[in-house]
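**Student:** To start, I am sharing the structure in question, which I have written as structure tokens.
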Number of protein chains: 2
Amino acid sequence: MLQANAEIDNSEALTERQKAVLDAALRLLVEEGDQLTMTAVARRASCSKETLYKWFGGRDGLLTATVQWQASKVRVTSVYGKGLDLASLKASLERFASDWLQVISSDTSIALNRVAVGHAGSGKDNLGAVVLENGRFALAKRLKPVLEAGRRAGLLDFSDAETAFRTFFGLVARDVQIRLLLGDRLELTDAAIGGDAARATQQFLALFGATTGPQGP
Amino acid sequence: MLQANAEIDNSEALTERQKAVLDAALRLLVEEGDQLTMTAVARRASCSKETLYKWFGGRDGLLTATVQWQASKVRVTSVYGKGLDLASLKASLERFASDWLQVISSDTSIALNRVAVGHAGSGKDNLGAVVLENGRFALAKRLKPVLEAGRRAGLLDFSDAETAFRTFFGLVARDVQIRLLLGDRLELTDAAIGGDAARATQQFLALFGATTGPQGP
DNA sequence: GCCGAACCGTAACGTACGGTACGGCTCTGG
DNA sequence: CCAGAGCCGTACCGTACGTTACGGTTCGGC
């Protein structure tokens with residue numbers, strides 16, 4: 001699986017100035033990708049390289065801090081809690097799907113995933129783990145309670161929440177993320193995202209909707 | 001979408017020696033990732049850097065040639081052609097799913113996708129396009145005729161083959177590829193792959209299987 | 001007002017690596 | 001046997017960039 005300590009301490013004791021520096025680094029990361037240079041970050045953030053090294057230890061530290069900083073900001077919104085009828089369940093799922101598509105198609109997510117994937121090969125840092133923990137696993141952690149609530153309410157029928165989640169994930173993401181990461185120009189308008197979210201939700205319900213539920217046969 | 005000329009000329013006029021060099025480069029790519037060095041390739045392939053530069057033009061050219069060389073080797077096997085009953089359709093789909101999972105979980109594919117994703121940001125080369133064209137799009141090109149044959153035989157019901165394919169893709173791949181690319185240790189045994197292929201196929205048939213077909217209501 | 005800490009801007013250092021040059025070896029054709 | 005081509009091994013060059021060092025400035029505390 002994944003090492004554990006990837007999700008602890010997100011925004012632990014970051015001064016405003018440090019956050020601003022990380023924001024600058026993040027913007028540069030989106031523009032330049034992994035070949036951003038320490039000099040460029042320093043110039044963009046109007047700070048000295050000495051400060052960069054004192055604060056973040058080096059290039060890898062800066063990258064890691066940047067990824068964690070962004071990860072601490074972008075969280076998939078947690079709906080759910082309201083009623084447990086089919087309509088609200090469906091709305092929750094659609095919301096999750098829509099939010100997720102929005103995230104993975106954003107420039108920031110693409111840039112972050114690109115550097116994380118690039119670094120995943122040589123175990124210098126654990127960017128991949130950080131991204132995974134704050135992306136796919138965070139999503140699972142938020143969605144599973146919804147799925148289980150749906151099952152308890154007799155709306156869903158599955159034996160393993162993990163398997164059900166992964167199917168939902170596949171129905172939503174399909175080939176979008178890998179295509180975007182590989183540079184395919186894939187325009188995702190809000191309307192297209194909404195449509196995809198609805199389609200994925202409907203398909204998921206077709207696969208996992210309970211045949212015998214509160215609505216009866 | 002994607003530029004067109006990414007799939008022409010795969011193994012165009014490569015001498016055996018050149019193929020051997022590319023194989024060496026490929027092995028090194030799997031081991032070292034994108035930070036492989038020209039010197040290392042030359043040493044591993046027992047050739048001079050001069051030759052490397054003469055043959056491939058430079059680092060980018062070598063990388064591109066390596067990716068194309070591997071892409072020309074690994075093709076998803078094309079089943080289909082036999083009968084058109086539900087059993088053979090199901091077998092074909094399972095075969096596609098199984099092959100695809102096998103490919104995306106292989107060390108070679110992971111390494112190649114990693115460098116392609118890493119390079120996708122700055123448009124120096126089109127590694128991403130090459131990988132995409134020989135991966136996801138090649139798969140679609142082989143699978144769609146099967147889907148359409150299934151539809152003509154009354155076994156499947158869908159309006160758009162592309163949409164149906166992408167759903168199948170999502171059901172098969174789920175979160176596997178992104179997790180592997182990001183460094184998650186995800187052990188896929190042959191048994192697990194077989195199980196996943198069967199599950200994905202069954203789910204796909206549940207979604208797109210014709211309710212009214214040759215087998216009747 | 002003085003002191004030290006933190007930080008900015010820039011210059012300097014070291015190195016890794018892409019790219020090139022060159023001498024020597026092997027092989028093929030004449 | 002000779003000429004030339006192709007290629008190996010290695011040394012070399014230039015540069016980009018990570019990292020360090022340092023002088024100058026600001027600012028909070030005494």
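None of the figures in this text is laboratory data; all of them are computed from the coordinates on show. Keep in mind that this is a model prediction, so the values were computed, not measured. Glycine gets a Cβ as well: all are built from the backbone with ideal geometry, and neighbour counts include every protein chain shown.
**Student:** For every helix of n ≥ 4 consecutive DSSP H residues, a contribution of -39,500 (n - 2.57) applies; sum these over chain B, divide by its total residues, and give [θ] at 222 nm rounded to the nearest 500 deg cm²/dmol. Present the calculation step by step, with values, prior to reporting the outcome.
**Tutor:** Details: 11 runs with 144 residues, N = 217.
Rounded to the nearest 500, the figure is -21000 deg cm²/dmol.
**Student:** Can I ask one more? B:Thr108 to A:Asp85: FRET efficiency via 1/(1 + (r/R0)^6), r the Cβ-Cβ distance, R0 45 Å, to the nearest 0.05? Please list the in-between numbers first.
**Tutor:** Values: r = 49 Å, r/R0 = 1.08.
The computed FRET efficiency comes out at 0.40.
**Student:** I'd like the distance between the alpha-carbon centres of the range B:80-143 and the range A:155-217, rounded to an integer number of Å.
**Tutor:** 21 Å
**Student:** Regarding the range B:58-217, what are the three Cα extents along the principal axes, ordered largest first, in Å?
**Tutor:** 61, 28, 25
**Student:** Note down the relative contact order for chain A as a percent, whole number, built from C-alpha pairs under 8 angstrom at least six residues apart. Walk me through the numbers before you get to the answer.
**Tutor:** Numbers: 200 pairs, mean separation 48.2, N = 217.
With pairs under 8 Å counted, the relative contact order is 22 percent.
**Student:** Once phi is turned into ³J(HN,Hα) by the Karplus curve 6.51 cos²θ - 1.76 cosθ + 1.60 with θ = phi - 60°, what whole-Hz value does each residue of the range A:95-108 show in order, with x for glycine and proline?
**Tutor:** Once rounded to whole Hz, the list reads 5, 4, 4, 4, 4, 5, 4, 4, 5, 5, 9, 7, 4, 4.
**Student:** Going down the list A:Lys54/B:Lys49; B:Lys73/B:Lys124; A:Lys54/A:Lys141; A:Lys49/B:Lys54; B:Lys54/B:Lys124, which pairs span over 29 Å between their C-alpha atoms?
**Tutor:** Working: A:Lys54/B:Lys49 40 Å; B:Lys73/B:Lys124 24 Å; A:Lys54/A:Lys141 35 Å; A:Lys49/B:Lys54 40 Å; B:Lys54/B:Lys124 19 Å.
Over 29 Å apart, Cα to Cα: A:Lys54/B:Lys49; A:Lys54/A:Lys141; A:Lys49/B:Lys54.
**Student:** Could you pull the Cα extents of the protein assembly as shown along its three principal axes, largest to smallest, in whole Å?
**Tutor:** 69, 59, 36
**Student:** What ranking do B:Leu186, B:Leu93 get, fewest neighbouring Cβ atoms within 10 angstrom at the top?
**Tutor:** Values: B:Leu186 14, B:Leu93 27.
In order of increasing Cβ crowding within 10 Å: B:Leu186, B:Leu93.
**Student:** Now, a different point. Springs between alpha-carbon pairs under 10 angstrom, Gaussian network model over chain B: which of B:Ile110, B:Ile178, B:Ile193 fluctuates most?
**Tutor:** B:Ile178
**Student:** What is the distance, in nm, between label points placed 7 Å from the Cα along the Cα-to-Cβ direction at A:Arg152 and at A:Val74?
**Tutor:** 3.2 nm
**Student:** Now for a different question. Rounding to the nearest 20 debye, state how big the charge dipole of chain A is about its Cα centre with +1 on each Lys and Arg Cβ and -1 on each Asp and Glu Cβ. Mind showing how you got there, number by number?
**Tutor:** Details: 26 positive and 25 negative charges, 39 e Å.
Around 180 debye, computed over chain A.
**Student:** Quick one: dipole size for the protein assembly as shown, taken about the Cα centre, charges +1 on Lys/Arg Cβ and -1 on Asp/Glu Cβ, in debye to the nearest 20.
**Tutor:** Numbers: 52 positive and 50 negative charges, 25 e Å.
The calculation lands at about 120 debye.
**Student:** Continuing with the same structure: If I model a spin label as a point 7 Å beyond the Cα along the Cα-Cβ vector, how far apart are those points for A:Thr211 and B:Thr39 in nm?
**Tutor:** Those two pseudo-labels are separated by 6.7 nm.
**Student:** Suppose you put the label 7 Å out from Cα in the Cβ direction; list, shortest first and in nm with one decimal, how far A:Thr108 is from each other copy's label.
**Tutor:** So the label point of A:Thr108 gives 3.9 nm to the other copies.
**Student:** List the chymotrypsin sites (Phe, Trp or Tyr not before Pro) within the range B:160-203 that DSSP assigns to loop and that have no more than 14 neighbouring Cβ atoms inside 10 Å. Spell out each step's value before the answer.
**Tutor:** Working: sites: B:Phe165, B:Phe168, B:Phe169; in loops: none.
For chymotrypsin sites (Phe, Trp or Tyr not before Pro) across the range B:160-203 that sit outside H, G, I, E and B with at most 14 neighbouring Cβ atoms in 10 Å, the list is empty.
**Student:** Simple spin-label model, 7 Å along Cα-to-Cβ: A:Thr51 to B:Lys144 in nm?
**Tutor:** Each label point is offset 7 Å from its Cα along the Cβ direction, giving 5.4 nm.
**Student:** A:Leu156's amide H: which non-local residues (gap 5+, or another chain) put their own amide H closer than 5 Å, with H modeled 1.01 Å from N in plane and none for Pro or chain starts?
**Tutor:** A:Arg151, A:Ala210
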